[in-house]
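In what follows, a single structure is set out as C-alpha cells and then discussed.
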Amino acid sequence: MTSRLPDQPDVVITGLGVTTAVGQGKDDFTAALFEGRHAFAPLRRPGRSMPADGSATAFLGAEIAELAVPEAFPARVLRTASLSARTALVTIAEAWHEAGLDDVDPTRIGLVVGGSNVQQRELTQAHARHADHPEFVRPTYGLTFMDTDLCGLCTELFPIRGFAHTLGGASASGLLAVQQAVWAVRSGQVDVCIALGALMDLSYWEFLAFRAMGAMGSHRFADDPGSACRPFDRQRDGFLFGEACGAVVVEREGVRRHPEPYARVLSMATAVDGNRNPDPSLAGEISVIEGALAEAGLSASDIEYVNPHGTGSLIGDDTELRALAECGLRDARINATKSITGHGLSAAGAVEVVATLLQMREQRLHPTRNLVDPVDDSFGWVRQESVPFAFDTAVSLSMGFGGLSSAICLRKWQ
C-alpha cells in the first residue's frame with residue numbers, strides 16, 4: 001500500500017534524536033557510526049539474567065551504559081518512569097530542540113510512539129518483587145505497565161496537544177511510526193508530528209523465546225561478542241539485541257521558518273502478507289520497494305543508498321537480498337546499521353532513518369561490522385571501513401513479525 005495523493009503537501013524532516021548503546025545524541029552516535037564502534041557484551045541489566053544465576057547471562061547484546069537525563073525533567077516524575085519512558089524523554093528532547101518546536105502551537109503537534117510490549121523487563125521484575133506480597137504493588141503500576149504511559153509522560157513534559165498514541169508493528173514499529181507521522185501531517189491533522197521508535201526493554205523470557213525460535217544469535221561468539229553481529233555475512237547466525245531509541249520530527253514544508261531540514265519524504269509503502277510466523281515474505285518486501293519507487297516517480301537507478309533491515313538472521317538476510325536484486329538495487333550502496341547498534345526491535349526503523357539522514361548530511365557511509373564474506377558479493381557493499389559518498393536519494397526498509405514490510409524513500413533537502 002502506498003500513501004500519497006497528488007494534492008497532498010510536501011513533508012520534511014527537521015529534527016532528530018537518538019539514544020543507543022554506542023552513543024547518546026546525534027554527535028556521539030554519528031561518530032560511533034563512522035568509527036564502527038560497538039558495545040556488544042554479555043547482557044547485565046537486572047531482569048535479563050536467568051533467576052537461578054543472577055550473576056551473569058548467556059545472552060549477548062548492547063546496553064546503554066548510562067542515560068544522561070536533562071536536569072529540567074522533574075525527579076518526582078522520573079522516579080516512576082521506566083527505562084523505556086526515560087529514554088523516550090531524552091530522545092524526544094534532542095529532536096524537539098533541534099526542530100525548534102517551542103514556538104509551535106501545541107494543538108498542532110502530534111506524537112506517535114512506535115512499539116508495543118516495550119517494558120517487559122521491568123514488568124517481570126515487578127512481578128518477582130511482589131509475588132509473595134501482592135498487596136504492596138504500587139498503585140501507579142496500573143498506569144506504568146501500559147505502553148501508553150510513554151505517551152502520557154512525554155505529553156506531560158512537552159507541550160504536545162494535537163494527539164498522542166502508540167502503534168505496534170513488531171520490528172517495523174519505528175518506521176511505521178514515521179510513516180504514521182507523515183500521514184498525520186499530510187492530511188492536515190497536525191502541522192508537526194514526532195515519531196518515536198521506543199526502546200524495547202526485554203526480559204530473559206523474550207530472549208529465551210527468540211533464541212528458541214532461531215531468530216537470535218547463539219552461544220557461538222560468547223568469547224568474542226564483537227564478532228557476533230554479522231548481517232549479510234555467511235557466518236551470521238541470528239540478530240543481537242541492542243538498546244536504542246530514535247525520534248524523527250516531520251512537518252509540512254513551508255508552514256514555518258525553521259533550520260535547514262534534513263530531507264523531504266518522497267514516498268512510503270507498507271504491505272502485509274497474511275503470515276503470523278516470523279519467516280519473511282519475498283513478495284511483501286518486493287511490493288514495498290516497488291511501491292515506494294512508483295510513488296516517488298523514481299527508477300531503481302535513481303536510488304543511491306539503501307539502509308536495509310539487515311538483522312543477521314539466516315532466512316531474513318537472504319530474502320531481503322533477493323528482494324533488492326529483484327527490484328534492481330544491486331548497484332546502490334548498502335551498509336547495515338544493526339551491525340553497529342544491534343537490533344533495537346521496535347526502535348530499529350526510527351533509528352535507521354536517523355542513521356540514513358546523518359549519513360546523508362555528512363555525505364559519508366558507515367562501515368558494516370563483520371562483513372567479511374558477504375552472502376552475495378555482487379551488491380554495492382560498504383564493508384568494514386567508512387567511505388565518503390555523495391548521495392541525495394535513499395531508501396530505508398523495516399520488516400516485522402506478522403508479515404509486515406515497510407519502506408520509505410528520502411531525498412536530501414536542497
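The values are calculated or read from the model by the stated rules, or taken from the named source; none is laboratory data. The shown structure was predicted, so the numbers you read here are calculated from the model rather than taken from an experiment. Glycine gets a Cβ as well: all are built from the backbone with ideal geometry, and neighbour counts include every protein chain shown. The area values use the complete protein model at the heavy-atom level, side chains included, leaving out ligands, DNA and RNA. Shrake-Rupley method; radii C 1.70, N 1.55, O 1.52, S 1.80 Å.
The table that follows gives values for the structure above.
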{"item": "Filter pass, D223 being at pLDDT 95 or above, farther than 24 Å from P106 by Cα and of a type in the set (D, E)", "result": "no"}
{"item": "Selection within the stretch 336-364 - under 14 Å from E35 (Cβ atoms) and surrounded by fewer than 24 Cβ atoms within 10 Å (Cβ to Cβ)", "result": "L358, E362, R364"}
{"item": "Matching residues in the stretch 158-169 - criterion: being within 20 Å of V354 (Cα to Cα) and surrounded by fewer than 21 Cβ atoms within 10 Å (Cβ to Cβ)", "result": "G168"}
{"item": "Residue list for the stretch 383-406, restricted to those being in contact (Cβ under 8 Å) with a residue 60 or more places away in the chain, in a loop (DSSP other than H, G, I, E, B), touching a strand residue (DSSP E or B) at 6+ places or on another chain (Cβ under 9 Å) and open to solvent by 10 Å² or more (accessible area, probe 1.4 Å)", "result": "S386, F389, D392, G402"}
{"item": "Tally, over the stretch 255-301, of residues that are surrounded by fewer than 24 Cβ atoms within 10 Å (Cβ to Cβ), acidic (D, E) and touching a strand residue (DSSP E or B) at 6+ places or on another chain (Cβ under 6 Å)", "result": "1"}
{"item": "Among the residues listed as D233, D224, the single one being charged (D, E, K, R) and open to solvent by less than 30 Å² (accessible area, probe 1.4 Å)", "result": "D233"}
{"item": "Tabulated pairs, the stretch 132-157, first surrounded by 12 or more Cβ atoms within 10 Å (Cβ to Cβ), second acidic (D, E), C-beta under 6 angstrom, 6+ apart or interchain", "result": "L143/D149"}
{"item": "Qualifying residue in the stretch 173-183 (condition: out of contact with any strand residue (DSSP E or B) (no Cβ under 6 Å at 6 or more places or on another chain), surrounded by fewer than 24 Cβ atoms within 10 Å (Cβ to Cβ) and part of a loop (DSSP other than H, G, I, E, B))", "result": "no"}
{"item": "Candidate set from the stretch 379-396 (those that are of a type in the set (A, V, I, L, M) and touching a Leu at 6+ places or on another chain (Cβ under 8 Å)); member that is nearest to L293 (Cα to Cα)", "result": "V395"}
{"item": "Number of the condition not met by V372 [criteria: (1) touching a helix residue (DSSP H, G or I) at 6+ places or on another chain (Cβ under 7 Å); (2) part of a loop (DSSP other than H, G, I, E, B); (3) among the β-branched types (V, I, T)]", "result": "(1)"}
{"item": "Only listed residue being open to solvent by 40 Å² or more (accessible area, probe 1.4 Å), in contact (Cβ under 8 Å) with a residue 24 or more places away in the chain and basic (K, R), chosen from R121, R108", "result": "R108"}
{"item": "Listing of helices (runs of 4 or more DSSP H) fully contained in the stretch 57-163 that carry 3 or more residues being farther than 30 Å from H38 by Cβ", "result": "75-78, 120-129, 141-144, 148-157"}
{"item": "Any hit, the stretch 289-310, residues being within 21 Å of S346 (Cβ to Cβ) and among the aliphatic types (A, V, I, L, M)", "result": "no"}
{"item": "Looking only at the stretch 190-218, and only at residues there that are in a loop (DSSP other than H, G, I, E, B), of a type outside the set (G, A, S) and in contact with a Leu (Cβ under 9 Å, 6 or more places away or on another chain), the one that is most open to solvent (accessible area, probe 1.4 Å)", "result": "M200"}
{"item": "Counted residues, the stretch 344-365 - those being within 15 Å of A21 (Cβ to Cβ) and in a loop (DSSP other than H, G, I, E, B)", "result": "1"}
{"item": "Tally, over the stretch 344-375, of residues that are among the acidic types (D, E) and within 16 Å of the chain's Cα centre (by Cα)", "result": "1"}
{"item": "Qualifying helices (runs of 4 or more DSSP H) (wholly inside the stretch 238-343; at least 1 residues being without any contact (Cβ under 8 Å) to a residue 60 or more places away in the chain and β-branched (V, I, T))", "result": "282-296, 314-326"}
{"item": "Counted residues, the stretch 393-414 - those being within 20 Å of E253 (Cβ to Cβ) and β-branched (V, I, T)", "result": "2"}
